[in-house]
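What follows is one structure encoded as C-alpha cells, with my remarks underneath.
What follows draws every value from the coordinates through simple rules; no lab data is involved. These numbers were taken from a predicted model, which means no experiment stands behind them.
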Amino acid sequence: MMILLGVSQVKAQRFELKKPDNPAKCASIKEGRFVRVDYPAGIWNMTIKDNVQTEYFNNGKDYIKSSLVFLNDCSYKAIVIEKTAQNDRIKVGDVFSNIITKTQDNYLQIQTRIGNSQIELIYAKAKSK
C-alpha cells in the first residue's frame, strides 16, 4: 500500500493548483462524490455523506468506510470503521489526520497523515447532476 501511496503522491505533484482560492473553500469536502486526479474514476472514487466517507476501489468491488470527525473547516480525522479488502495494510480503527491545504474550483489538495507517513492527494469533486 505504501508503494501505491508513493506513486500517488508523485502523480498528484504533477497536477498543481495554480490559482488557489483565498481563503480555501474547505466546506466542499463535507458532502459529495470525489475522484483523484491520478486515477480513473472506475479504479478509485469516494463519496461523503452524513460524516461517513466511503472509498471505492478495485473497480467498485472493494471499499473502505470511515467516520469523519471535523476539527475545524479545513481539518478532519477519518476513522476506519469497515472495509472489505483483506490484503491491504489499512485496518479497522486506523485514524487518518487530514488537512485541506488548498482548493481551486472543484479541486481540493489534502495532506493526509497516518502514523509517521504523510502524503498529499488532490481530489476533484464531481459535478452534481
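Below, the figures for the structure above:
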{"quantity": "Added length on full extension, which subtracts the Cα-Cα distance from 0.36 nm per residue, ALA126 to LYS30", "calculated": "33.2 nm"}
{"quantity": "Angle between the chain longest axis and helix 2-14 axis [Cα atoms, degrees, rounded to 10]", "calculated": "20"}
{"quantity": "Amide H contacts under 5 Å for ASP105, placed H, 5+ residues apart", "calculated": "ASP21"}
{"quantity": "Subset of LYS19/LYS65; LYS83/LYS127; LYS19/LYS61; LYS18/LYS83; LYS25/LYS61; LYS61/LYS127 violating a 30 Å alpha-carbon distance limit", "calculated": "LYS19/LYS65; LYS19/LYS61; LYS18/LYS83; LYS25/LYS61"}
{"quantity": "Whole-Hz couplings from phi, Karplus 6.51/-1.76/1.60, listed for the stretch 73-89; x for Gly and Pro", "calculated": "4, 10, 10, 7, 10, 10, 9, 5, 10, 6, 7, 9, 6, 9, 9, 10, 7"}
{"quantity": "Length added when fully stretched, GLU82-SER117, from 0.36 nm per residue minus Cα-Cα", "calculated": "10.5 nm"}
